[in-house]
Structure formats: C-alpha cells, structure tokens
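The values are calculated or read from the model by the stated rules, or taken from the named source; none is laboratory data. Only a predicted model underlies this, so the values are computations on that prediction, with no experimental measurement involved. Here the Cβ positions follow ideal geometry from the backbone for every residue, glycine too, while neighbour counts run over all protein chains shown. Protein only, heavy atoms only, side chains kept; ligands, DNA and RNA dropped before computing areas. Shrake-Rupley method; radii C 1.70, N 1.55, O 1.52, S 1.80 Å.
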Amino acid sequence: MSAPFARAGSGAPRGFSVVVVGAGPAGLTVGNILRAAGVDCLVLETETRELVERRPRPGVVEEWAVRGLERQGLARTLLERAQTHTECEFRFAGERYRFAYTALTGHHHFICPQQSLVTDLVREYADVRGGEIRFGVRDVRLHGAGSGRPSVSYVCPGTGERRVVTADFVAGCDGARGVTRASLSPERVRLARHDYGVGWLALLAEAPPSSDCVVFGMHPRGFAGDMARSPEVTRYYLQCRPGDDPANWPHERVWAELRERLGAAGAPPLKEGRLIEKRVLDMHGYVVEPMSFGRLFLAGDAAHLTAPIAAKGLNLALHDAFLLGDGLVASLTRGDGSGLTGYSDACLARVWDYQEFSQWLAEMYHGTASGDPYRAGAALARLRRLLDSPVAVAEFAERYLGVRTTG
Ligand code: RFL
C-alpha cells in the first residue's frame, strides 16, 4: 500500500492506495470495504454532506444486495428500519391482478429511501472506519488513468486552490453526470445506449400509501406506478412525453390522471397529498464496456444507467461495489489481481441481464399506450402470459427479485 501522506512541505502530491470519485451508494460502499481491510483511501464528492444525506432518492433494494451490505457490516440500521415488500399488483382494463412473489420464491424486496442508506454509509465510512472524505470539491479531473500511477486533482472549496492526489487505483463512482467515464480511452470502450422514447413524470407526494404493495397500471393513456416509500410519503409515476415540462402537470391534472390510470374494480381510493417533487425523466439506458481502463475502475451509474422502469440501478451499483471493493482489497493486501482482472465481465453479466429485463418490462408497460395496435396487442399478450403461465410467473419472479430461484 502507498504511504498515505507526502512529507509536509515537500510539495509532492499526497498519495492514497485508492481515490474514490463520488460519494453515492457505489463509492461509499467501496470506501467502507477498503477501510474495513485497513486500506487507505480518499473519497471526493462535489456536493455537501448535508445534500448527499438529504437528496431524495429511491428505495427498492433487492434482498441479495441487503445481505451483501450485511456481510460488510453496513446494513444494521437498514434492517431495523426498512419495510419489506412481498407482493405487487398489476392493473389493467379495470381489473387487479395480485402477484405474491415471496410466497412463490421465499424472497422479498426491502424498501429503504436511498438517502437513509447513504447517511449510514457516510457515517460508517467517515466517523466509524476513519475514512478520509472531501465534500464540496469542484472541477475534479483525472490524469493518467492508463498509466501506472494515476492522479486526481480538484479545487478545494475552502481555499480555491487546486490539489493533486496520486493513487494506485481510482474508483470512478461519480454517477451518470460524473467526469471519470470521459477518461476511458474512446478507442477501447464501447458505449451502448437505448432510448425508450417515453418520459416518466416522477412524483413524490406527502401522502400515506394508498395500497399495501407496489402497483403498476397499464392504461391506454399511459403507464402509472404507485410505490409507497414511508408511512408519510408515496412515490407515483405517470408516463408522459419525453422532455415534457413538469409545469404542464398541475396538482389537479396529476391526481386526475393517477385516478384514471390506476383505477380498477375494488381498488382503494388514492390518498392525495401535496406534491413535494415533480420532475420528468426521459427513459433511457446505457452500458460502458469494459468498465475499466488501466487503473481506473467504474462502478454504478458511472458505468451503466438502467432506466428506473425495473428499479435496478441502486442494486447494480451495490453489486459493482462489492466486487470492486473485494478486488481492490485482494490486489492491495495480498497481491492477488484476479478480482480486478475479472471485474468488468463479472459486473456486466448482471448489468445486461437487468437491462434486458427493463426493456421487456418497458414494452409491457408502454405498449398499450403506444398508439401502435401491433405493439399494444403484443403487450397485452405479454401480460396475459404473465397472469396465466406458472413458468412465466416463475421467470418474472426471478428477474424482478434479481435472484435465481430454481436450478
Ligand atoms: P449516484 O447515486 O448518482 O452517486 C454519484 C455521486 O457522485 C457525485 N459526483 C461527483 N463527485 C465527485 N466528482 C464529480 N465530478 C462528481 N460528479 C458527481 C454525485 O454528487 C453523487 O453523490 O451514483 P451511484 O453511487 O452509482 O448509485 C446509483 C443509484 O443512485 C441509482 O442507480 C438509483 O438511484 C437508480 N434508481 C433506482 N434504483 C434501484 O435499485 N431501485 C429503485 O427503486 C430506483 N428508483 C432510481 C429510482 C433513480 C431515479 N432517478 C433519480 C433517475 C427512481 C428514480 C426517480
């Protein structure tokens, strides 16, 4: 491992074994794994600690991911506080279809607002495991990613000075809008992108849950989703035009559309509340292959974006982080580089599986409202098969939960 500090006054940049760019779930999980093994590292984050701990983010976490956090000693408060989801409901043509996936598979989802997870991960990394972290840094730049000793520079928020840190490895965990991905050599990486051609109006309502499980509504006017987040807050989605302006969706219109698209025989009435978040997400996904270049390893949304259609992005970020954290520890403490060599392929197998599931689900959710009778007919066939065939249901359960339940 590198000496973590350069001699005072030497003018030489400080050195760390690992510099992690980005304090989201991916970066903080990598940092925590490194600190548990006694590896020195620095996390750089452009936002303040208060903002990353409060930024409202989603919450469907797969059971295997929570067990992975638990193995790293990172799930204690999540397990104390998170609700579990065991069923979901499809609504179509005024009917309700319950899908009790836990009864079928023995597995469930955890519902935990991402900001609670991030708060726990920051506290554990910085306050318990003694990890170094700089919040509010500006203009982060990566230098020499393909070289034997890369460095990262940033502008210090307090002094306005540019600081340089060197590293044995850089973990690029700076999300979809970060800078590390751009350091991958364009000749050696491929960016695969898919545009779903629809938008989702993502809403957070100060309203108690209207349903005891996640509800997916497929309607000729467009998809609608109802996902309880806590006893006080519920997330709703409404399919809309890509690039639509949230200002086109005043309170009355939102609730009228939700009532229409989620309406079904015997469904409990929606509990309305003040809309505290309203933004339009253009549904798209991308995958960067390979996820590493030289001594730079990407993890989470920095490497791949999964449209929130199947609620998979956070889960993939954690999967990458477990593999990257373990690979870095093996390399730095035991000289075993096999985890890092196989890192990209090991991540991408799950990434592509989840991308394909999102695409499959997207067609079922949006086909009915596509205006294309062929797509609408095929979407209905997809839904009917899911409702009628035990084999289709078992496969859906596996993919929805991200586990192999058979074989
Ligand atoms: P993050 O969470 O974006 O964190 C990246 C961090 O890097 C910082 N950053 C930089 N730091 C230093 N230098 C720079 N140049 C930087 N640029 C950026 C950022 O400030 C940030 O702190 O990425 P990470 O760690 O890869 O985690 C990915 C997940 O956050 C993401 O995939 C999920 O939120 C996706 N997602 C969902 N995933 C699930 O598994 N289950 C869900 O239910 C779910 N629902 C959703 C979602 C994403 C949504 N939005 C926000 C599009 C619902 C929505 C509405």
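Looking at 403, 393, 351, 329, which one is surrounded by 14 or more Cβ atoms within 10 Å (Cβ to Cβ) and outside any helix (DSSP H, G or I)? Checking each option against the conditions leaves just 403.
So is residue 320 open to solvent by less than 20 Å² (accessible area, probe 1.4 Å), acidic (Asp, Glu), touching a residue at least 12 places away in the same chain (Cβ under 8 Å) and out of contact with any Lys or Arg (no Cβ under 8 Å at 6 or more places or on another chain) or not? Here the answer is yes, as residue 320 does meet what is asked. Of the residues making up the range 234-283, those that are open to solvent by 60 Å² or more (accessible area, probe 1.4 Å), under 24 Å from residue 176 (Cβ atoms) and not hydrophobic (A, V, I, L, M, F, W, C) are 241, 242, 245, 278, 279, 282. Residues that are open to solvent by less than 30 Å² (accessible area, probe 1.4 Å), of a type in the set (Ser, Thr, Tyr) and more than 30 Å from residue 170 (Cβ to Cβ) do occur in the range 209-221, at least one of them. Assessment of the range 260-275 against the conditions (in the same structural domain as residue 85 (by TED's automatic domain parsing) and within 16 Å of the ligand (Cβ to nearest atom)) yields at least one matching residue. Scan the range 107-143 for residues that are part of a loop (DSSP other than H, G, I, E, B) and either free of Cβ contacts under 8 Å to residues at least 40 places away in the same chain or open to solvent by less than 20 Å² (accessible area, probe 1.4 Å) (or both) and the total you get is 4. Of 98, 67, 57, 35, all but one fail to be over 23 Å from residue 156 (Cβ atoms), in a helix (DSSP H, G or I) and open to solvent by 40 Å² or more (accessible area, probe 1.4 Å); the exception is 67. Residue 157 meets all of the listed conditions (1) touching a residue at least 24 places away in the same chain (Cβ under 8 Å); (2) open to solvent by 60 Å² or more (accessible area, probe 1.4 Å); (3) touching a Lys or Arg at 6+ places or on another chain (Cβ under 8 Å) but one, namely (1).
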